[in-house]
Amino acid sequence: MKIQPVKGTRDFYPQDMAVRNWLIDGWKRVSVRNGFEEYDGPIFEYLKMFQIKSGDEIAEQLFSFEDRGGRELALRPEITPTLARMVNQQINSLPRPIKWFSVPRLFRAEKPQKGRLREFFQWNIDIIGIDDVLADAETIFCALDYLKEAGLTPDDIVVKISSRKVLAELLKSIGIKENQLDALYVVLDKRSKLPDEAFEEMLAERLPDENKRGKILELMAVESIKQINDCLELSKEAEESIKELSRLFELLDAMGVGDYCVFDIGIVRGLAYYTGIVYEIYDKASELRAIGGGGRYDNLLKLFGGPDIPATGFGIGDCVLGILLEEKGLLSKEISTGRPEYFVAFTDQRYIQKAVEVTSKLRLAKFAANFSYKPVGLSKQLKQASEQKVKKCIIIGSEIENNQLVIKDMATGKQELVKIEQFLTQIES
């Protein structure tokens, strides 16, 4: 019986693993240079922890199970609740601002689709303890710092930015009550994902008042921050929220990434815990799912029993990002799989032990080196070296009687004789 991998999961063969490491190494490198420290947590948590954040219905969207002690657990579908739990545990001893990043392996029990699998990796960046839009600007900058490094330009991607504060104040000015907002956000979040007719039908189910619906549709058609003033009469709170949003764009311009960013009032993000700036990153052609997204969630730590501390952050998954980079030709087929720098060959079977000895010395000197396990001819060994794309091949033959090695440059084909003591001294120094 031939067993297939579980649908929605991936096998990482060496070349796939090299691409995965290339992505994750880039995430980590950019995080550190932007001043973030790495953390991680358990791969499963109490189911209740995810229900606190996302509601009881989340249980249907993740892999949950009961352990031998009858405890309800779940494989983590995200790491933000773990972050909140960890920070709350040591909140009084952690210096602020808390700038942490993580690259967890996550799991969601969903129907696999293009760019959305049941198992994936996600880059998470969070800043906790700063109640200023500057922190939101820094997280967006960090995301773009990586995406720029990966080769994506403003012609390839766009960061669509809005504000829950702005939207909440505008909706309240229309006559929407505070306790109706969260349910309405879920509907508005689907606007770009549904045909106009289907969206308006869903909105009508949630909001029977035709006059209010008309004003919401007019509001959702706004294309710039400036147009909001022409659409509605603003309250003082709405004006302050708009000023904050405008300052964010000024900061992003100052940081040199403003050409990637646009205002889009339709960016809502359906999760109820967002409280301020929200954003999503898309391919410019809008042919794929969101590459990533995030925003401000000032109530999350409090939701998990901690103090009332502001926070902001984002997540970028590897699935959609990998598809986009491949489509743009930015995932080089030559990404290293950890190929050796040296291949140690031998011209005769009697030199095998010497080849093993030289290979071991290379490895102990922190060089990646390989050799042939079988006593095959030199031409076959050189073919192995070529297939492994090594830089240099060390050939041990009759010259060893004079304490010499042949060093072959695999790129140029040039060979030179080197004293074995000289070579070993050189690699060990």
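The values are calculated or read from the model by the stated rules, or taken from the named source; none is laboratory data. Because the structure is predicted, anything quoted here is derived from the model rather than measured. FYI the Cβ positions are ideal-geometry reconstructions off the backbone, even for glycines, and counts take in every protein chain you see. These area figures cover heavy atoms from the full protein model, side chains too; ligands, DNA and RNA do not enter into them. Shrake-Rupley method; radii C 1.70, N 1.55, O 1.52, S 1.80 Å.
Numbers at a glance
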| read-out | value |
| --- | --- |
| Nearest-0.05 FRET efficiency for Glu416 and Arg213, computed from C-beta distance (R0 56 Å) | 0.10 |
| Part-to-part distance (alpha-carbon centres) for the range 45-106 and the range 338-352, which is given in Å | 50 Å |
| Cβ charges +1 (Lys, Arg) and -1 (Asp, Glu), total dipole of the chain, debye | 2020 debye |
| Cα extents of the range 188-344 along the three principal axes, largest first (Å) | 79, 42, 36 |
| Of the DSSP H helices in the chain, those whose Cα atoms cover at least 20 Å axially and whose Kyte score averages -1.0 or more | 14-33, 133-149, 236-254 |
| Calculated P(r) tail over 24 Å for the range 286-429, as whole % of Cα pairs | 53 percent |
| Simple Cβ-charge dipole of the range 321-370, Lys/Arg +1 and Asp/Glu -1, about Cα centre, in debye nearest 20 | 260 debye |
| For the range 254-339, the spread of Cα positions along each principal axis, largest first, Å | 49, 34, 28 |
| Whole-number percent relative contact order across the chain, with pairs defined as alpha carbons under 8 Å at least 6 apart | 16 percent |
| Extreme residue, positive dipole direction of the range 83-200, given options Leu83, Ser163, Ile176 (C-beta unit charges) | Leu83 |
| Cα point-scatterer Debye curve for the chain, base-10 log of I(q)/I(0) at q = 0.11 Å⁻¹ | -0.92 |
| Accessible area (Å², 1.4 Å probe, nearest 10) - Trp100 | 40 Å² |
| Whole-number D in µm²/s for the range 191-242 (Stokes-Einstein; Kirkwood sum over Cα pairs; 20 °C, 1.002 mPa s) | 173 µm²/s |
| Cα point-scatterer Debye curve for the range 1-76, base-10 log of I(q)/I(0) at q = 0.11, 0.15, 0.16, 0.20 Å⁻¹ | -0.52, -0.87, -0.93, -1.00 |
| Cα coordinate range in the range 139-228, projected on the principal axes (Å, largest first) | 48, 26, 24 |
| More than 13 angstrom apart: percent of Cα pairs within the range 343-404 | 57 percent |
| Pairwise FRET efficiency - Leu303 versus Leu94, Cβ, R0 = 22 Å, nearest 0.05 | 0.75 |
| Of every Cα-Cα pair in the range 61-169, the percent that sits beyond 16 Å | 74 percent |
| Residue-level accessible surface for Thr337, protein heavy atoms, 1.4 Å, Å² | 60 Å² |
| Helical contribution to [θ] at 222 nm, DSSP H n ≥ 4, -39,500 (n - 2.57), averaged over the chain, rounded to 500 | -12000 deg cm²/dmol |
